[in-house]
Amino acid sequence: MTSIQRRIPTCRTGEASHWRGVEMDAMRSPHEDRPSITRKDVALHAGVSTAVVSYVVNEGPRNVAPATRARVLESISSLGYRPNAAARALKLGVSELVGLVLSDNANPYFAEFSRAIEKAATDEGLSVIFTNSALVQGQEHMQVQKLVSRQVDGLLLASTEDDPNLTSAKEANVRVVMLDRSEPLRGFSSVGVNFREASRIAVEHLIWHGHRNIGLVSGSPGGLTTSAREQGWADALRAAGLPLGPIVRGEWGRNGGYQSGLELLADPHRPTAVYAISDLQAIGLLRALHEAHIDIPQSMAVVSFDGSSESEYSWPPLTVMRQPVDEMARAAIAALGRPADATPEHRSFTAEFIVRQSCGCLPI
């Protein structure tokens, strides 16, 4: 199990082988009134067999004399023959496509994670098809089935469920790697961070600042990652001999954080510090505090989890536990490329503690 990195400044309170591997039915000509150009048309124009055309566009399996190859390529160009990449996948059994199902593409954290995945996939010559379940379990299952039907080479899934239905992927022998996992899922490789330890360290920092009543802004109970973050909050308080502060649960996102903030403010024993288990909830919380003219961090300090870019541009900038999306993205793509008989593994990455102004360390 990895430890948590801290990056804490001095604390002061206050995309010819254009048609490589392509075996296809022809696509429609660019001219709408012209019929589609087929491989047979190319063969007639070049004076060769259709098999030779296939060898040229697929760069094999048999070699073609340079002069013949040049003639075929000239015919392809003259006739406007266009390869059909989908048929290539059906013929060769490889799509060079990775499917990615996100749980919430409106969340800046997942937007940044998907961008990192796209870069890691591109570095390996792969393309990514992005889909979004929008935090709806039935939608997630449908997106997985659609991607499997597209014959993706692999599937990356940031699931809304702890034990998602992956029957369609298993039946099609599509490898799946789970994202954003706090614990392994039997039979699948996965990546994530130690959410519990990271949360504990974040709350310990608030305790170091002298806070004794530390609240929690969370989402719906039950999910493993949610539970792990909440447990880390409780671990820190119990280890310090402190009571658990108020817990407010709301919908995921800015509005949920805002409504949670209003609820905390109505508590006659409102906390002097809050740990929000996602950046978006923390940003909604900040709005509620600003509207109530609550000084941050003097009257209420805030720390959050994820470390998306949005956290750096809130006011005040949020102290966060940052998930290493670039490292996790590379590991997830690498896991898709492991041998088929390799034992699935869970990679737990190091979260980085980044101190900014919302905790009280830096002057505003």
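The values are calculated or read from the model by the stated rules, or taken from the named source; none is laboratory data. Everything quoted here is computed from the prediction, not taken from an experiment. All Cβ positions, glycine included, derive from the backbone under ideal geometry; neighbour counts span all protein chains shown. The protein model used for the area step is the full one, side chains on, heavy atoms only, and it has no ligands, DNA or RNA in it. Shrake-Rupley method; radii C 1.70, N 1.55, O 1.52, S 1.80 Å.
Determine if the range 141-155 includes at least one residue that is hydrophobic (A, V, I, L, M, F, W, C), out of contact with any Ser or Thr (no Cβ under 9 Å at 6 or more places or on another chain) and surrounded by 15 or more Cβ atoms within 10 Å (Cβ to Cβ). So far as the range 141-155 goes, yes, one or more of its residues are hydrophobic (A, V, I, L, M, F, W, C), out of contact with any Ser or Thr (no Cβ under 9 Å at 6 or more places or on another chain) and surrounded by 15 or more Cβ atoms within 10 Å (Cβ to Cβ). So for the range 242-250 (the condition being within 22 Å of Ala134 (Cβ to Cβ), open to solvent by 10 Å² or more (accessible area, probe 1.4 Å) and outside any helix (DSSP H, G or I)), does at least one residue qualify? The answer is yes; a qualifying residue exists. Exactly one residue out of Asn107, Asn58 is modelled with pLDDT of 50 or more, buried (at least 18 other Cβ atoms within 10 Å of the Cβ), of a type outside the set (Phe, Trp, Tyr) and closer than 30 Å to His211 by Cβ: that is Asn107. From the residues in the range 325-364 that are within 25 Å of Met178 (Cβ to Cβ) and of a type in the set (Lys, Arg), which one is modelled with the lowest pLDDT? Residue satisfying both the conditions and the ranking: Arg338. Among the residues examined, Leu100 does not qualify as at pLDDT below 80, within 30 Å of Thr167 (Cα to Cα), touching a Phe, Trp or Tyr at 6+ places or on another chain (Cβ under 7 Å) and not in a helix (DSSP H, G or I).
Does Ala340 qualify as being surrounded by fewer than 21 Cβ atoms within 10 Å (Cβ to Cβ), at negative phi and not hydroxyl-bearing (Ser, Thr, Tyr)? So Ala340 fits the description; yes. Residues in the range 181-195 that are surrounded by 21 or more Cβ atoms within 10 Å (Cβ to Cβ) and among the basic types (Lys, Arg): Arg181 only.
Here is a yes/no grid of residues against (1) closer than 28 Å to Pro324 by Cα; (2) open to solvent by less than 10 Å² (accessible area, probe 1.4 Å); (3) at pLDDT 95 or above; (4) touching a helix residue (DSSP H, G or I) at 6+ places or on another chain (Cβ under 6 Å):
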{"residue": "Asp267", "(1), (2), (3), (4)": "no, no, no, no"}
{"residue": "Thr272", "(1), (2), (3), (4)": "no, no, yes, no"}
{"residue": "Asp279", "(1), (2), (3), (4)": "yes, yes, yes, yes"}
{"residue": "Ile283", "(1), (2), (3), (4)": "yes, no, yes, yes"}
{"residue": "His290", "(1), (2), (3), (4)": "no, no, yes, no"}
{"residue": "Asp295", "(1), (2), (3), (4)": "no, no, yes, no"}
{"residue": "Val303", "(1), (2), (3), (4)": "yes, yes, yes, yes"}
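I'm checking my understanding of the structure. Among residues of the range 206-226 that are open to solvent by 30 Å² or more (accessible area, probe 1.4 Å) and over 19 Å from the mean Cα position of the chain (by Cα), which one is modelled with the lowest pLDDT? Among them, the one singled out is Gly222.
Listed conditions (1) over 23 Å from the mean Cα position of the chain (by Cα); (2) closer than 30 Å to Arg330 by Cα are all met by Asp235, apart from (2).
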